[in-house]
1. Only one of His412, His359, His378 is closer than 27 Å to Gly37 by Cα and either assigned to a strand (DSSP E or B) or out of contact with any helix residue (DSSP H, G or I) (no Cβ under 7 Å at 6 or more places or on another chain) (or both); which?
2. Which numbered condition in (1) at negative phi; (2) in contact (Cβ under 8 Å) with a residue 60 or more places away in the chain is the only one that Gly287 fails?
3. Residues of the range 405-431 being within 19 Å of the chain's Cα centre (by Cα) and either over 16 Å from Val49 (Cα atoms) or open to solvent by 60 Å² or more (accessible area, probe 1.4 Å) (or both), which ones?
4. Have a look at Ala481, Ala485, Ala463 and point out the one that is within 18 Å of Val155 (Cβ to Cβ) and either assigned to a helix (DSSP H, G or I) or polar (S, T, N, Q) (or both).
5. Collect the residues in the range 403-430 that are under 16 Å from Ala461 (Cα atoms) and touching a Lys or Arg at 6+ places or on another chain (Cβ under 7 Å), keeping them in residue-number order.
6. Those residues that are under 23 Å from Pro181 (Cα atoms), modelled with pLDDT under 90 and touching a helix residue (DSSP H, G or I) at 6+ places or on another chain (Cβ under 8 Å), I need them from the range 267-283; list them, please.
7. Looking for something in contact (Cβ under 8 Å) with a residue 40 or more places away in the chain and touching a helix residue (DSSP H, G or I) at 6+ places or on another chain (Cβ under 9 Å) - is there at least one such residue anywhere in the range 110-117?
8. Checking Gln373 against (1) closer than 30 Å to Leu162 by Cα; (2) among the polar types (S, T, N, Q); (3) not in a loop (DSSP other than H, G, I, E, B), which test does it fail?
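The values are calculated or read from the model by the stated rules, or taken from the named source; none is laboratory data. Computed from a predicted structure; not experimentally measured. We place every Cβ from the backbone using ideal geometry, glycine too, and count neighbours over all the protein chains shown. Side chains are part of the model used for accessible areas, which takes the heavy atoms of the whole protein and leaves out ligands, DNA and RNA. Shrake-Rupley method; radii C 1.70, N 1.55, O 1.52, S 1.80 Å.
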Amino acid sequence: MSDVVIYGATAAGVCAAVAAAEAGATVTLCEPRGHVGGMVSGGLGYTDVGDLRVLGGLAARFRAAVAEHYGVPVGHYAGPEPRVAEAIFLSWLETAGVNLVFDAPLDGVGLGADEQGAPRIDWLAAAGTRYAAAVFIDASYEGDLLAAAGVPYAVGREDTALYGESLAGRQEVVPGMHNFPAGISPFLNDPTGRDPGPLLPQIKPEPLAPVGAGDGGIMSYGYRVCLSQAPDRLPFTPSPAWNPERWELGRRLFDHWQRSGIPVAAGRLLGLEPNLPGGKCDGNSLGPFSLSMHDGSAWRYPEADPAEREQIRLAHRHHAQDFLWFLATDPDVPAAVRAELGRWGLPADEFADTGHLPHQLYVREARRMRGAQTLTQHDLTSPKPWPDAIAMGSYHIDIREVQRAWRWVPEHPDPIAHVVTEGYLSVAVLPYQVPYGALTPHYRDCANLLLPICLSASHVAFASVRMEPQYQMLGQATGVAATLAARGGRAVQRIDIGALQQQLADDGAVLALGGVA
């Protein structure tokens, strides 16, 4: 039996494990797959940080470790190469003495009750082995331990009325760099958009909900690919699922841009800037047609069983591989774009066991706990002090595209159908505090579970909290809190908050800025 068992070796899970071990706890970290670091080592090399003043603790230590590895000043690179990120995390875990278990997907949990009758987790089963602990941390992107423990949670965006959030719910379709331009038909057999028929691939067929409605929409997922210009780079190849017809929507988009006199650069589609060490780049989802899939498959993922999740993950992997192949080879893609893609390839020294494509699907959001305190849009745009603050956030509300749909637009003499992209938002926030209560369930729901990723937040607020440096800081907070609860024989909701805050501050965490505390 360990003092603390953590499920999910994401960056948050690693930081939780290291923080707990350094605080004196015995720690077991169960990872359902075969790598540590989650997105930080899984393709998200260019790290979105926000206000550097709030970055502290293990998140700051990680930046320092990256700088030390490359022999550069802190912040010289926005992030490390994926293999370097994983090596740093593995060295941390080894030094801290964490028991790391790979290939340990969650099979189930054993539930009991504490002395006051509150539910608690006694053990989790992973790959046929039971792991018992005083306190558990769910550091997965999906919140699978949260769900298995029966703790209430939400999935998808809420109605504007639930928390009084102006940014909640289905968004109006407006022009923007992430939205499809007007005039592109969604119909497979009619590029004019007047004669209804089968839809093109990569379009979500369901009708749009009313503006502001809580339709359960999930931000699109994708793969953040690491690309290289090194001489030993590997050429792009099509996936086993390659189907040229699946990319007709892209051809129509390029044709529209050409007829409209809009020049298109490859970097505008992928962000081809050598922003990582070694001349590599972190290929991102930019624009209306990208590495992300907007067909609604992400909406199913959080509640899907393992088999369906694997199908969704594989579809996203094939999409990423085929998107690169399409841009590099299709004759309807502008020649300049194809030529630029020809100067890039997959890195020979990254992701060797997964075909040189990342091992981690970018699950931008999944389940969100309904916990003791819930962060909402108001807490980010008009921050207030939280007496139980354990970290700070600062990144803007970053809601990526939720769906690619279509709708009729009145025209003379008949309506015309247009492809539309919906859901993207980017709204600045002030530095804000994250309360400890957002990381804990209600005591009545579970007495010994903490969550640094699937925390209690609205869809809107979560879109800011979800950045990896903030996950690292929240992971550290859960690791220290779990140790205090385990060593004191207390429920996680009943630990000494002052002691938690003092320990975090001693370890370099930033809990307040002037004017916020």
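1. Values: His412 fails: closer than 27 Å to Gly37 by Cα; His378 fails: closer than 27 Å to Gly37 by Cα.
Going through His412, His359, His378 in turn, the sole match is His359.
2. Unmet for Gly287, out of (1) at negative phi; (2) in contact (Cβ under 8 Å) with a residue 60 or more places away in the chain: (1).
3. Glu422, Gly423, Tyr424, Leu425, Ser426, Ala428
4. Working: Ala481 fails: within 18 Å of Val155 (Cβ to Cβ); Ala485 fails: within 18 Å of Val155 (Cβ to Cβ).
Going through Ala481, Ala485, Ala463 in turn, just one is within 18 Å of Val155 (Cβ to Cβ) and either assigned to a helix (DSSP H, G or I) or polar (S, T, N, Q) (or both): Ala463.
5. Hit for the range 403-430 is Tyr424, nothing else.
6. Of all residues in the range 267-283, those under 23 Å from Pro181 (Cα atoms) come to 267-272, 283.
With modelled with pLDDT under 90 added as a condition, the list becomes 267-268, 271-272.
Of everything in the range 267-283, those that are under 23 Å from Pro181 (Cα atoms), modelled with pLDDT under 90 and touching a helix residue (DSSP H, G or I) at 6+ places or on another chain (Cβ under 8 Å) turn out to be Gly267, Leu272.
7. no
8. Every condition holds for Gln373 apart from (3).
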